[in-house]
């Protein structure tokens, strides 16, 4: 069993390290941006931050060996400057899976530059602020939809600390359910500029 686990880990690491964005084109993530902007705590950072990285879908799964992966885009001045991926790998007792969206705001040029070096990793002390969209969504026959949103903390709905840590601030929005906490320590990011 340990040999199989090591082989899987090796294959995942190889896949993640060789991921290339050469074939990618800039995509519209307006739906994900809109979902985050519906949350009062998050909305101001889209205009006040130096830049941000947006990941519409990060999938996380685990069965003794766990990992997550998602692709996104990096923005500066409202324009896409490059492509990024977020990935991590963990070993230990774990079972289940989830999908979430994530945005990483950069407070200043230094934080932005640190992220786009192409091989950034959050420290063990890093954490994300988990936010949730309320379940009161409505759809219309005209194809539009609307939803309210709010933030929740793990401790009974109190507001969480939303201050920058070493120039970066991360928000996570669960998809298909509520997500009350999120660990991003050890999460690695790659970056490739738009050509």
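Grab the Cα-Cα distance for residue 165 and residue 24, subtract it from 0.36 nm times how many residues apart they are, and report the gain in nm with one decimal. Display every interim value, and only then the final one.
On the way: separation 141, 0.36 × 141 = 50.76 nm, distance 3.08 nm.
47.7 nm is the gain from fully extending residue 165 to residue 24.
Please compute the length gained on full extension between residue 119 and residue 76, using 0.36 nm multiplied by the number of residues separating them and subtracting their Cα-Cα distance.
That works out to 13.6 nm of additional length.
Relative to the present Cα-Cα distance, how much length would full extension add between residue 48 and residue 109 at 0.36 nm per residue of separation?
Details: separation 61, 0.36 × 61 = 21.96 nm, distance 1.25 nm.
Separation in residues times 0.36 nm, less the Cα-Cα distance, equals 20.7 nm.
Return the FRET efficiency for the residue pair residue 34, residue 90: r is the Cβ-Cβ distance, R0 is 22 Å, and the value is rounded to the nearest 0.05. Write down the numbers at each step before the final one.
Numbers: r = 31 Å, r/R0 = 1.43.
Step by step, r from the Cβ atoms, then E = 0.10.
Each reported figure results from applying straightforward, stated rules to the coordinates on display, with no laboratory input. Predicted, not measured: the structure shown is a model, and the values here were computed from it. Positions of Cβ are backbone-derived with ideal geometry, glycine not excepted, and every protein chain shown enters the neighbour counts.
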